[in-house]
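K.L.:
Have a look at this one before I ask anything.
The values are calculated or read from the model by the stated rules, or taken from the named source; none is laboratory data. Note that the coordinates shown come from a computational prediction; the quantities given were computed from them, not determined experimentally. Don't worry about glycine lacking a Cβ; one is built from the backbone with ideal geometry, like all the others, and counts go over all protein chains shown.
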Amino acid sequence: MHRSPPTGYRCELRGHIAFAGFSAGHRFVVVHGDDAPLGPMDDVMWARPDGVRVLLVGRPEVAELITAVYRFDAVEVVPLRCRMDESVLAVVAGDLRVTLRAGRRWPIPLARLRATTALRPVERLLALAMLGVRTWGVSPTGVEEWYRAEEYRRVVAGEARLGERDLGRMRRFHEPARFGFSEPPRRPSLVRARPLLHDPSGSLGAVVARTGRGLGAGGQADTRARPQEGRD
């Protein structure tokens, strides 16, 4: 039986995602994106001790793209710099500074075998068993996500400061962050990934077309999408 291609908008992102919590109760997901529909882009998802979820970005268009996928209680556009060398990921976002040092690299064998979605169930079982996370699901806004991790590294050291205040010792995630369809790994981690996003409604493509580079970097309208969705 012939299966019709999905409608909507698809895009791929490439980069690193870091996860860490600190003893003062702050939890962070730092995204250092090498390529995305809006070009290289970085952001910080911050779960505060009071339960408020904050998105920190350096550009308004990045905020619009991310909030088309996830929900936050507050969004702040602040001066943001993120750098990644061989083993250290460091981000400065307004008054917040987070530095994480990663350990040994662990390549993920399935990374080169993902030409088909048939691997999703296998990847799901491995991710749940090893990290306690889900790698495929539907975001709060209805966007289907497949993280497609290529490499895992444990974060062996880290520090975070908010202005002059030290946020304490790095520790595992305990309280839920509630950013998306899956909670982050409990253990501080750094993952290299190629997330694939599919928005059946096409709204994500409209955001990309309106805010930046259209389909120029990893985004495309699916075969049956309306012509204007995801295009400049």
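A quick yes/no check of all residues on (1) at pLDDT below 90; (2) part of a strand (DSSP E or B); (3) within 17 Å of Thr67 (Cα to Cα):
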site	(1), (2), (3)
Ala160	no, yes, no
His174	yes, no, no
Phe181	yes, no, yes
Pro185	yes, no, no
Ala217	yes, no, no
Arg226	yes, no, no
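K.L.:
If the Cβ limit is 8 Å and pairs must be 6+ apart or interchain, which residue in region 152-165 that is within 18 Å of Arg27 (Cβ to Cβ) and surrounded by 14 or more Cβ atoms within 10 Å (Cβ to Cβ) pairs with which residue that is hydroxyl-bearing (Ser, Thr, Tyr) and at pLDDT 95 or above?
P.N.:
Gly158/Thr99; Glu159/Thr99; Ala160/Thr99
K.L.:
Being surrounded by fewer than 17 Cβ atoms within 10 Å (Cβ to Cβ) and either at pLDDT 95 or above or of a type in the set (Ser, Thr, Tyr) (or both) is the filter here; which residues of region 1-24 pass it?
P.N.:
The first filter runs over region 1-24 and keeps only residues surrounded by fewer than 17 Cβ atoms within 10 Å (Cβ to Cβ), leaving 1-6, 23-24.
Within region 1-24, Ser4, Ser23, Ala24 qualify.
K.L.:
Exactly one condition in (1) under 20 Å from Pro140 (Cβ atoms); (2) surrounded by fewer than 20 Cβ atoms within 10 Å (Cβ to Cβ); (3) among the aliphatic types (A, V, I, L, M) is false for Val78; which is it?
P.N.:
Answer for Val78: the failing condition is (1).
K.L.:
Another question, if that's okay. When you scan region 62-73, do you find a residue that is within 18 Å of the chain's Cα centre (by Cα), within 24 Å of Glu150 (Cβ to Cβ) and among the hydroxyl-bearing types (Ser, Thr, Tyr), even just one?
P.N.:
yes
K.L.:
Step by step: first the residues of region 193-210, then only those that are of a type in the set (A, V, I, L, M, F, W, C) and assigned to a strand (DSSP E or B), then the one that is surrounded by the fewest Cβ atoms within 10 Å (Cβ to Cβ). Which residue is that?
P.N.:
Leu196
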